[in-house]
Protein chains: 2
Amino acid sequence: MAALAGVSVSAVSKVVNDRPGISPPTRQRVLDAAEKLRWSPSATAVALRGARTRAIGMVAGRSADVLAADPHFSVLISGIEAELAPADYGLLLHIVGEEPDAEERAYRRLAEERRVDGVILTESRIGDTRFELLRQLGLPAVLVGTPWQPDPIVSVRAGGDDLDQGAGLRAAVDHLVELGHRRIAYVSGPEDRVHTVARRRLFEAALDARGLRPTRIVISEFTADAAVRALRRLLAEPERRPTAVLFANDTMAVAGMSAARRLGFEVPRDLSVIGYDDLPVGSLVYPRLTTVSQDLVQLGRAAATAMFRLLGEAAGTAGEPGADGSGADGPGADGPPAVRPPTLVVRESTGPAAG
Amino acid sequence: MAALAGVSVSAVSKVVNDRPGISPPTRQRVLDAAEKLRWSPSATAVALRGARTRAIGMVAGRSADVLAADPHFSVLISGIEAELAPADYGLLLHIVGEEPDAEERAYRRLAEERRVDGVILTESRIGDTRFELLRQLGLPAVLVGTPWQPDPIVSVRAGGDDLDQGAGLRAAVDHLVELGHRRIAYVSGPEDRVHTVARRRLFEAALDARGLRPTRIVISEFTADAAVRALRRLLAEPERRPTAVLFANDTMAVAGMSAARRLGFEVPRDLSVIGYDDLPVGSLVYPRLTTVSQDLVQLGRAAATAMFRLLGEAAGTAGEPGADGSGADGPGADGPPAVRPPTLVVRESTGPAAG
DNA sequence: TTGAAAGCGCTAACAT
DNA sequence: ATGTTAGCGCTTTCAA
């Protein structure tokens, strides 16, 4: 456009980027022309020139249908987008299969092809190699969760500093103990994830603090079927039967409740059930699920904010270093991304211990 | 890279694009160099040059938390991604608020900034203005669903041609009638969506075919609360009380079942319930939800495939017109994207009519 | 078979 | 205050 509609190319550039050295009349003419032609700078050209793509990447190393069944991920994405959208950033999603190198390839492409300014990682794993990879690739990264070992990667998690991480689980155990429960079981997920292990440990610690030991810990998988199987085993032997069960997440807890009901146990009369995450499904079912709630949407927002901060610093070499305060310019660097610690939400799936 | 690691820039270009006019040795040298340097063409530069961004856009005109609560969308995305990923296409997501012009702005940006090669639309609406807008913008578009009025836009839906669209609902009604139900209610969603109206009509037609009339049709909203309220009204007057209820989607159906249970009605003993979509949540609950199943993942794949076809044609003006058959090149143009018609999946939430 | 060179739409020096 | 110009990393004629 530019030349055709008014003046010269650099004038246009200066106007759209709010650079000084433009007279009000010229400025206005450019704005008018842009308006009339419905023109706006080509993102590709800008990216080519300046290395800013205004897109953040996410790679999900799971199959499409597993992902579809797991709302956790989509809730997180909602949060991330909530922050990205106003800054006019896009989210570039890449769902790759379960094969380990598919994931690595995806990150490599993202980096080599310069498609995104940075990536957000989730599902922190034990022995995670992604941080190192991303560092090699020079791709700014933010982790949602806790690194498996001390690592300089930027990360966000509910409760911020680790001190508050266990608050929800402690409240859950206290709640059960006050209801008279003494035999409390925990159904964990696959322990190659950091958060899975952390939650289980936090649970054990909370129980320990009340002088109790877990009745059972069943390591299973993150699927509804696995939850059902775990519950079945838990309820099989009458003499060791728990009166309450905590699950590693809401989906498993809901599946567990159904299984209990199917086996003839009424919730919460015969068995109390507690989930983790506080997904919408928890209040859809009957009885409504008591759960440890963490603000996943907020967590997503925090991750995006942290990413903006990271990019702001990275771009600091040549960009606008000061506070021009004009807003509407994307990455702002204000307060630290704080996410409230997990809390217990008592609904209907917990009650006094049977007998 | 190129020059440094071997020969000349155009040689490299020819190699990576499988263009003729390269001797095997040269070719090999380029490949080796690229391998060693872990180099691959910059997506931005390619896009700038050739108008292909290898990204598809999607704009969701809903607030982040509404979206989070609705798995429908994420399942669809899984399907789309399943097709995009192997072709090395990315999905650029934009979640904008409910404000009407925010959505339009998002599409405009996508088009003006040339960030994507095309967009996939969902949630076909009555009086939808998006097709026209996209046409103006010159952005290739594929609709998941049926246009509200005859429109040249490319669209995909379960059952392909409209003839089979009602199969699931007919089966559902037949199933209920055979179980002895005569008073069958339908809880619809907001009728500004095409599919909402279509499903309700299909239901009425199916009922009509059996010589019955719907006991009640309650237009509500697509939320769990609304479903609960609707059900409450439905069960309020004993003399007109239905023995079976169909819901416009699974989430509402699950919420409805819980509400029934809370009101003292046992499902399916006192009330049969049928959902629509067949989302994972349906088999998580007790009793497991009988539902009209459509293959949402497949629908997503079909949309992506249709998009590739569209892009292939659009690019045909200057691109490779023939069948070079080398694969790995992205948009293939094979069979038509067929998605199986909706079918009834009978689980546990339906049973013989009470009394 | 290979290389040189002209842009794609922008931004940032450098003139004017 | 404004215009000119050299690339960013590629693809693609066109010459050699």
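The values are calculated or read from the model by the stated rules, or taken from the named source; none is laboratory data. In this text, all values refer to a predicted model and were calculated from it rather than measured experimentally. Glycine also receives a Cβ, built like all others from the backbone with ideal geometry; neighbour counts cover every protein chain displayed.
Summary of computed values
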| quantity | calculated |
| --- | --- |
| Residue among B:ALA102, B:ALA45, B:ALA55 that alone is facing chain A (nearest Cβ under 10 Å), buried (at least 21 other Cβ atoms within 10 Å of the Cβ) and among the aliphatic types (A, V, I, L, M) | B:ALA55 |
| Count of the stretch B:217-272 residues which are crowded, with 21+ Cβ neighbours inside 10 Å and charged (D, E, K, R) | 1 |
| Hits in the stretch B:7-32 (condition: more than 8 Å from DNA strand D (Cβ to nearest atom) and either in contact (Cβ under 8 Å) with a residue 40 or more places away in the chain or surrounded by 15 or more Cβ atoms within 10 Å (Cβ to Cβ) (or both)) | B:VAL7, B:ALA11, B:VAL15, B:ASP18, B:ILE22, B:THR26, B:ARG27, B:ARG29, B:VAL30 |
| Selection from the stretch A:184-208 of residues that are within 24 Å of A:ALA354 (Cβ to Cβ) and surrounded by fewer than 17 Cβ atoms within 10 Å (Cβ to Cβ) | A:ASP208 |
| Some residue of the stretch B:211-219 being of a type outside the set (A, V, I, L, M) and modelled with pLDDT of 95 or more | yes |
| Which numbered condition B:LEU48 misses (of (1) more than 7 Å from DNA strand C (Cβ to nearest atom); (2) within 26 Å of A:ASP117 (Cα to Cα); (3) among the aliphatic types (A, V, I, L, M); (4) under 40 Å from the mean Cα position of the chain (by Cα)) | (1) |
| Subset of the stretch A:67-87 [touching a residue at least 40 places away in the same chain (Cβ under 8 Å), in contact with a strand residue (DSSP E or B) (Cβ under 9 Å, 6 or more places away or on another chain) and within 7 Å of another protein chain (Cβ to nearest Cβ)] | A:PRO71, A:VAL75, A:SER78, A:GLU81, A:ALA82 |
| Test for A:SER124: is it more than 9 Å from every other protein chain (Cβ to nearest Cβ), under 18 Å from the mean Cα position of the chain (by Cα) and among the polar types (S, T, N, Q) | yes |
| Strands (runs of 3 or more DSSP E) enclosed by the stretch A:25-128 - at least 1 residues per element that are touching a His at 6+ places or on another chain (Cβ under 6 Å) and over 16 Å from B:THR53 (Cα atoms) | A:55-61 |
| Residue tally, condition more than 14 Å from chain A (Cβ to nearest Cβ) and closer than 21 Å to B:THR350 by Cβ, over the stretch B:215-231 | 5 |
| Single residue of A:ALA33, A:ALA68, A:ALA60 found to be under 30 Å from B:GLN298 (Cα atoms), modelled with pLDDT of 85 or more and small (Gly, Ala, Ser) | A:ALA60 |
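Residues are listed down the side, and each one gets a yes or a no for (1) in contact with a Pro (Cβ under 7 Å, 6 or more places away or on another chain); (2) farther than 27 Å from A:ASP278 by Cβ:
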{"site": "A:ALA47", "(1), (2)": "no, yes"}
{"site": "A:ARG54", "(1), (2)": "no, yes"}
{"site": "A:LEU67", "(1), (2)": "no, no"}
{"site": "A:ALA85", "(1), (2)": "no, no"}
{"site": "A:LEU91", "(1), (2)": "no, no"}
{"site": "A:ILE120", "(1), (2)": "no, no"}
{"site": "A:SER124", "(1), (2)": "yes, no"}
